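Asks: One structure coming up, written as structure tokens, with questions to follow.
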Amino acid sequence: MKHSYLLLLPFIAIIAVSCNADRKTETIMTVNGPVTAKSTGIWLTHEHILVDFIGADSIKPGRYDRQSVISKVLPFLKEAKQMGCGTFADCTPAYIGRDPVLLKILSDSTGLNILTNTGYYGAVDNKYIPASAFTMTADELSQIWTSEWEKGIDNTGIKPGFIKIGVNRDSLSEFHAKLVKAAALTHLKTGLTIASHTGPALPAFQELDILRKEGVAPDAFIWVHAGNEKEITKLTEAAKMGAWISLDNLNDNNLDYTISVLKALRDKGYINKVLISHDAGWFDPGKTDGGDFRGFRTMFDKLIPSMKEEGFTGEEIEQVYVINPANAFSIRIRKL
């Protein structure tokens, strides 16, 4: 018997052809180069292939064998592809395990569009920030990140598809505010969207304020882990401003909550600002055989069918999983 999500995929694909017609010239940057936004299909917008938690002061090449990672991860990516995924955003930043060559091998092996990123991850009290960054200005940080866009990452020729930063859950520190400003400057030079590991509303709105001061429109900003903010009015307020609301910790235990947030955003007219993903994976070099790997099934097996059962239309489902991600990650400079 076919999984219920498979019954929805032909309908989603048909709608995608017409709804994406106005995005013929917009581009997504993958590890294999640019693709048109209209060709990206269903997205997983926030996942991880590999994460190394050892810290920026200790991370170095050779902490894992790429072939071992490939052997462990490839079946999960092939499964995602089989379930209907077309594009996969890998959100592991530099100094915490980013490996664009690994991602390219996996993209070539699966046919998935895979995105990597530029930027620095300041969450967890700056454990994954290189020492040199603390004395740099926002402009100097931006020059590093912009160079990765212009020349490729670490002499690989592989370019980032978005900017990934991270901040702590409380009020922004001076250093984290600098990361946000650097991301804004990089966006204005590259058109890359800013995805910021954030969580609660307080730092999210502080980040949006910094972007505003730099002349960057809110729709250049993905509020990562927005589901951690339980006051739904804060999510709708940010969506009204234009920010992307990323509900990216999907699992089998929070389906009802995810559906309730989706309904609230839809009923306020902001279904066009939602992104969905699992924040799942990943191979951890610090654990035996990379540790446990959580796959990417819940969205396909449970959430999409549940949305249909809860009265979401095919157009709304296609909006969330096809149109919104392609719009969010399309490369274009978004000024106020």
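The values are calculated or read from the model by the stated rules, or taken from the named source; none is laboratory data. Computed from a predicted structure; not experimentally measured. Cβ coordinates were reconstructed from backbone atoms using ideal geometry, including for glycine residues, and neighbour counts include every protein chain displayed. Each accessible area value is taken on the protein alone, full model and side chains, heavy atoms only, with ligands, DNA and RNA left out. Shrake-Rupley method; radii C 1.70, N 1.55, O 1.52, S 1.80 Å.
Asks: Select from region 284-335 the residues that are of a type in the set (Gly, Ala, Ser) and either over 22 Å from Ile271 (Cβ atoms) or assigned to a helix (DSSP H, G or I) (or both) and list them in ascending order.
Replies: First pass over region 284-335, keeping only residues of a type in the set (Gly, Ala, Ser): 286, 290-291, 295, 306, 311, 314, 326, 328, 330.
Matches in region 284-335: Gly286, Gly290, Gly291, Gly295, Ser306, Gly314, Ala326, Ala328.
Asks: Can you find a residue that is among the polar types (S, T, N, Q) and either under 14 Å from the mean Cα position of the chain (by Cα) or open to solvent by less than 10 Å² (accessible area, probe 1.4 Å) (or both) anywhere in region 167-179?
Replies: Quick first cut of region 167-179, residues among the polar types (S, T, N, Q) only: 168, 171, 173.
Of the ones still in play, those that are also either under 14 Å from the mean Cα position of the chain (by Cα) or open to solvent by less than 10 Å² (accessible area, probe 1.4 Å) (or both) are none.
So far as region 167-179 goes, no, none of its residues is among the polar types (S, T, N, Q) and either under 14 Å from the mean Cα position of the chain (by Cα) or open to solvent by less than 10 Å² (accessible area, probe 1.4 Å) (or both).
Asks: Quick one: in region 252-307, which of the residues that are among the acidic types (Asp, Glu) and touching a helix residue (DSSP H, G or I) at 6+ places or on another chain (Cβ under 6 Å) is surrounded by the most Cβ atoms within 10 Å (Cβ to Cβ)?
Replies: Of all residues in region 252-307, those among the acidic types (Asp, Glu) come to 252, 256, 267, 279, 284, 289, 292, 301.
Within this subset, residues satisfying the condition of being touching a helix residue (DSSP H, G or I) at 6+ places or on another chain (Cβ under 6 Å) are 252, 284.
Numbers: Asp252: 10, Asp284: 20.
It comes out as Asp284.
Asks: For region 23-64, give me the residue count where each residue is of a type outside the set (Gly, Ala, Ser) and touching a helix residue (DSSP H, G or I) at 6+ places or on another chain (Cβ under 9 Å).
Replies: Looking only at region 23-64, we keep the residues that are of a type outside the set (Gly, Ala, Ser), and these are 23-32, 34-36, 38, 40, 42-54, 57, 59-61, 63-64.
Now narrow it down to the ones that are touching a helix residue (DSSP H, G or I) at 6+ places or on another chain (Cβ under 9 Å): 23-32, 36, 38, 40, 42-45, 47, 49-50, 57, 64.
Looking only at that region, the number is 22.
Asks: Tell me which residues, restricted to region 198-229, are open to solvent by 10 Å² or more (accessible area, probe 1.4 Å) and within 20 Å of Met136 (Cβ to Cβ).
Replies: Answer for region 198-229, where residues must be open to solvent by 10 Å² or more (accessible area, probe 1.4 Å) and within 20 Å of Met136 (Cβ to Cβ): Ile210, Lys213, Glu214.
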